[in-house]
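**Q** First the structure, then my questions, so here it is.
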């Protein structure tokens with residue numbers, strides 16, 4: 001099971017954020033000043049399991065558009081309801097030392113609050129900045145894909161609340177078909193940069209929460225396929241580098257101290273008996 | 001090669017982790033030097049070897065405390081060892097953090113026994129004399145050699161923990177970070193032993209000279225790895241993360257690296273100056289790596 005989030009029809013209403021917080025009893029963070037942005041939650045974290053991201057590429061007071069897009073005359077006001085991707089190859093699961101992160105029967109990634117001890121290694125590993133640390137509870141937290149609702153035969157709260165059906169929930173194969181059709185339709189309309197993210201296995205083996213984007217993934221703060229790398233890629237090289245250094249260090253130490261043994265022996269042989 | 005993209009959130013590993021990296025490195029490095037001094041050095045180096053084993057265990061004591069206090073749920077520290085969801089032990093070789101916890105546990109046993117032998121050797125606690133006798137023989141060599149493997153692992157795996165992530169700088173440094181922290185731990189441990197050796201009459205001048213020589217070798221190794229670290233993050237496009245205000249810490253690192261070489265040339269320096277500067281450099285390097293990536 002999973003999500004297909006079609007950003008082309010997201011209107012930034014944040015109903016998903018509200019529904020998520022309400023169902024999961026998340027208090028939310030204290031408000032912070034975000035200048036003239038419509039984004040008032042800022043990022044995904046322990047209190048924001050859904051976050052409506054606003055990419056506000058609109059002209060400044062001088063009429064200049066920074067990072068212009070090829071659509072809408074260089075201007076864009078993109079919105080994306082971001083969420084845990086429930087990666088098929090999940091970085092967080094790779095590094096978790098307590099097995100608090102587990103794969104559910106729905107193929108989603110679930111963080112067991114009662115097992116997590118708050119080491120925060122999963123936060124370091126998640127390439128999407130999805131997981132946050134709950135200071136009050138002392139554990140990491142993230143979207144559960146409404147595991148409790150799924151068990152009750154309900155769809156996740158965010159998908160249920162989305163008024164434009166930008167967030168679609170269902171079986172992954174069905175969602176892939178819907179996404180492919182929508183992409184073909186958009187491309188026919190001339191949206192050349194429209195693309196699916198996480199639909200295939202190029203990004204973390206495929207995402208159970210995948211997206212239709214209107215621009216490059218980087219614009220939405222998503223690593224492209226080239227940069228979507230698993231933490232464990234550095235495991236073997238890291239240890240090999242450590243072993244090589246240890247060997248050189250031990251040889252250096254032997255060279256420094258060995259002569260001590262030789263000089264001690266010399267002292268013994270030359271000393272009067 | 002286009003620069004690496006990073007959208008990961010920082011794990012907020014700060015002072016406790018810095019403390020752990022510092023003392024863990026000294027514990028593992030001192031143990032390795034103790035082994036080398038005892039089995040590669042001569043009888044003259046035995047006093048220094050005992051100091052190394054004592055220093056190793058004392059430096060190790062705060063490590064599990066720091067690691068536990070850093071947890072969001074300190075009372076669940078044992079979840080690192082026992083699988084509370086599936087039962088049995090939790091041992092995950094693909095997670096450097098999991099491997100490190102087990103290695104710390106095992107190394108703790110080695111360090112403690114060697115500590116008992118060492119304190120008997122210096123006459124602080126005669127009850128453990130039999131341990132001291134065993135550790136000076138062939139069995140002791142095997143024991144210390146195995147302990148050294150775990151000790152060196154403690155020195156270096158911390159770098160692998162950082163590298164096995166999606167954080168800027170840490171994950172960009174690939175294979176270098178583990179080795180760099182290990183070499184730095186050896187430098188710091190040699191400096192620590194020099195610091196203690198200066199205050200003890202039973203460590204002769206010959207041993208001090210050899211420790212200084214080893215220290216300089218380790219500094220060269222560390223400097224090479226720091227250079228490789230900078231090259232690797234420059235290639236990834238994240239070099240700017242360790243510059244700016246972090247230049248202050250780089251200066252401390254450079255002074256620490258230069259100190260063992262300058263010590264013999266600057267006559268006015270007290271004997272403790274070079275080791276203290278070297279230890280500050282070791283601490284600064286860890287602070288740099290830990291904090292710069294998360295800002």
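**Q** Go through segment B:8-35 and report how many residues are touching a residue at least 60 places away in the same chain (Cβ under 8 Å) and at the interface with chain A (Cβ under 8 Å from one of its Cβ atoms).
**A** Taking segment B:8-35 first, the residues touching a residue at least 60 places away in the same chain (Cβ under 8 Å) are B:8, B:10-14, B:17-18, B:20-22, B:24-35.
Next, only the ones that are at the interface with chain A (Cβ under 8 Å from one of its Cβ atoms) stay: B:8, B:10-13, B:32-33.
Residues meeting the conditions: 7.
**Q** In addition: Among the residues of segment A:90-115, write down those that are assigned to a loop (DSSP other than H, G, I, E, B), more than 7 Å from chain B (Cβ to nearest Cβ) and in contact with a helix residue (DSSP H, G or I) (Cβ under 8 Å, 6 or more places away or on another chain). First the steps, then the outcome.
**A** Keep residues of segment A:90-115 that are assigned to a loop (DSSP other than H, G, I, E, B), which gives A:90, A:96-100, A:104-108, A:112-115.
Filter once more, so that each one left must be more than 7 Å from chain B (Cβ to nearest Cβ): A:90, A:100, A:104-108, A:113-114.
Those that are assigned to a loop (DSSP other than H, G, I, E, B), more than 7 Å from chain B (Cβ to nearest Cβ) and in contact with a helix residue (DSSP H, G or I) (Cβ under 8 Å, 6 or more places away or on another chain): A:100, A:104, A:106, A:107, A:108.
**Q** Taking segment B:194-207, which residues are in contact (Cβ under 8 Å) with a residue 60 or more places away in the chain and within 14 Å of chain A (Cβ to nearest Cβ)?
**A** Residues of segment B:194-207 that are in contact (Cβ under 8 Å) with a residue 60 or more places away in the chain, as a first pass: B:194-198, B:200, B:202-204, B:206-207.
Once the filter is applied, which keeps residues that are in contact (Cβ under 8 Å) with a residue 60 or more places away in the chain and within 14 Å of chain A (Cβ to nearest Cβ), segment B:194-207 yields B:194, B:197, B:203, B:204, B:206, B:207.
**Q** How many residues are free of Cβ contacts under 8 Å to residues at least 40 places away in the same chain and in contact with a strand residue (DSSP E or B) (Cβ under 8 Å, 6 or more places away or on another chain) if we restrict to segment A:132-157?
**A** 2
**Q** Further question on the same structure: Working only within segment A:197-220, note down all residues that are assigned to a loop (DSSP other than H, G, I, E, B), crowded, with 17+ Cβ neighbours inside 10 Å and either without any contact (Cβ under 8 Å) to a residue 24 or more places away in the chain or facing chain B (nearest Cβ under 7 Å) (or both).
**A** Taking segment A:197-220 as the starting set, the residues that turn out to be assigned to a loop (DSSP other than H, G, I, E, B) are A:198-206, A:208, A:214-216.
Narrowing the set further to residues that are crowded, with 17+ Cβ neighbours inside 10 Å leaves A:198-199, A:203-204, A:206, A:208, A:214-215.
Once the filter is applied, which keeps residues that are assigned to a loop (DSSP other than H, G, I, E, B), crowded, with 17+ Cβ neighbours inside 10 Å and either without any contact (Cβ under 8 Å) to a residue 24 or more places away in the chain or facing chain B (nearest Cβ under 7 Å) (or both), segment A:197-220 yields only A:199.
**Q** Do you know which residues across segment A:165-196 are over 23 Å from residue A:228 (Cα atoms), assigned to a helix (DSSP H, G or I) and free of Cβ contacts under 8 Å to residues at least 12 places away in the same chain?
**A** Within segment A:165-196, A:174, A:177, A:181, A:184, A:185, A:187, A:188 qualify.
**Q** Sticking with this structure for a sec: Is one or more of the residues making up segment A:43-59 over 17 Å from the mean Cα position of the chain (by Cα), part of a loop (DSSP other than H, G, I, E, B) and touching a residue at least 40 places away in the same chain (Cβ under 8 Å)?
**A** No, every residue in segment A:43-59 fails to be over 17 Å from the mean Cα position of the chain (by Cα), part of a loop (DSSP other than H, G, I, E, B) and touching a residue at least 40 places away in the same chain (Cβ under 8 Å).
**Q** For segment B:40-50, enumerate the residues that are more than 9 Å from chain A (Cβ to nearest Cβ) and either surrounded by fewer than 24 Cβ atoms within 10 Å (Cβ to Cβ) or modelled with pLDDT of 95 or more (or both).
**A** Passing the criteria: B:46, B:47.
**Q** Let me ask another. On the given criteria, is residue A:260 within 7 Å of chain B (Cβ to nearest Cβ), modelled with pLDDT under 90 and touching a helix residue (DSSP H, G or I) at 6+ places or on another chain (Cβ under 6 Å)?
**A** Details: within 7 Å of chain B (Cβ to nearest Cβ): yes; modelled with pLDDT under 90: yes; touching a helix residue (DSSP H, G or I) at 6+ places or on another chain (Cβ under 6 Å): yes.
Yes: the conditions hold for residue A:260.
**Q** Another question, then. So residue B:110 clears everything in (1) at negative phi; (2) more than 8 Å from chain A (Cβ to nearest Cβ); (3) not in a helix (DSSP H, G or I) except one condition, right? Which one?
**A** (3)
**Q** Related question: I'm told residue A:225 meets every condition in (1) within 7 Å of chain B (Cβ to nearest Cβ); (2) at pLDDT 90 or above except one. Can you identify the failing condition by its number?
**A** With (1) within 7 Å of chain B (Cβ to nearest Cβ); (2) at pLDDT 90 or above applied to residue A:225, the lone miss is (1).
**Q** Considering only segment A:119-131, state which residues are surrounded by 22 or more Cβ atoms within 10 Å (Cβ to Cβ) and either closer than 18 Å to residue A:24 by Cα or within 7 Å of chain B (Cβ to nearest Cβ) (or both).
**A** Residues of segment A:119-131 that are surrounded by 22 or more Cβ atoms within 10 Å (Cβ to Cβ), as a first pass: A:119-128, A:130-131.
A:119, A:120, A:121, A:123, A:124, A:125, A:126, A:127, A:128, A:130, A:131, listed by residue number.
**Q** Only one of B:58, B:65, B:146 is over 30 Å from residue A:234 (Cβ atoms), surrounded by fewer than 19 Cβ atoms within 10 Å (Cβ to Cβ) and at pLDDT 95 or above. Can you tell me which?
**A** On the way: B:65 fails: over 30 Å from residue A:234 (Cβ atoms); B:146 fails: over 30 Å from residue A:234 (Cβ atoms).
B:58 is the lone residue from the list that is over 30 Å from residue A:234 (Cβ atoms), surrounded by fewer than 19 Cβ atoms within 10 Å (Cβ to Cβ) and at pLDDT 95 or above.
**Q** Hey, another quick one. Which of the residues belonging to segment A:6-36 are within 19 Å of residue A:156 (Cα to Cα), without any contact (Cβ under 8 Å) to a residue 40 or more places away in the chain and in a loop (DSSP other than H, G, I, E, B)?
**A** Those that are within 19 Å of residue A:156 (Cα to Cα), without any contact (Cβ under 8 Å) to a residue 40 or more places away in the chain and in a loop (DSSP other than H, G, I, E, B): A:14, A:25, A:26, A:27, A:28.
**Q** Quick check on segment B:71-92. Is at least one of its residues more than 7 Å from chain A (Cβ to nearest Cβ), assigned to a helix (DSSP H, G or I) and either within 14 Å of the chain's Cα centre (by Cα) or within 26 Å of residue B:285 (Cα to Cα) (or both)?
**A** Filtering segment B:71-92 down to residues more than 7 Å from chain A (Cβ to nearest Cβ) leaves B:74-75, B:78, B:81-82, B:87-89, B:91.
If we keep only those that are assigned to a helix (DSSP H, G or I) too, we end up with B:74-75, B:78.
Subset that is either within 14 Å of the chain's Cα centre (by Cα) or within 26 Å of residue B:285 (Cα to Cα) (or both): none.
The answer is no, given that none of the residues of segment B:71-92 is more than 7 Å from chain A (Cβ to nearest Cβ), assigned to a helix (DSSP H, G or I) and either within 14 Å of the chain's Cα centre (by Cα) or within 26 Å of residue B:285 (Cα to Cα) (or both).
**Q** Kindly indicate the residue of segment B:214-249 that is touching a helix residue (DSSP H, G or I) at 6+ places or on another chain (Cβ under 7 Å) and away from every other protein chain (no Cβ under 14 Å) and also farthest from residue B:40 (Cα to Cα) among those meeting that condition. First the steps, then the outcome.
**A** Here is the first cut: in segment B:214-249, the ones touching a helix residue (DSSP H, G or I) at 6+ places or on another chain (Cβ under 7 Å) are B:214-219, B:221-223, B:225-226, B:228-230, B:232-233, B:236, B:238-239, B:241-242, B:246, B:249.
From what's left, away from every other protein chain (no Cβ under 14 Å): B:230, B:239, B:241-242, B:246, B:249.
Numbers: B:230: 34, B:239: 40, B:241: 42, B:242: 39, B:246: 39, B:249: 35 Å.
Ranking the qualifying residues of segment B:214-249, first place goes to B:241.
The values are calculated or read from the model by the stated rules, or taken from the named source; none is laboratory data. This structure is a prediction, so every number in the text was calculated from the model and none was measured. Glycine gets a Cβ as well: all are built from the backbone with ideal geometry, and neighbour counts include every protein chain shown.
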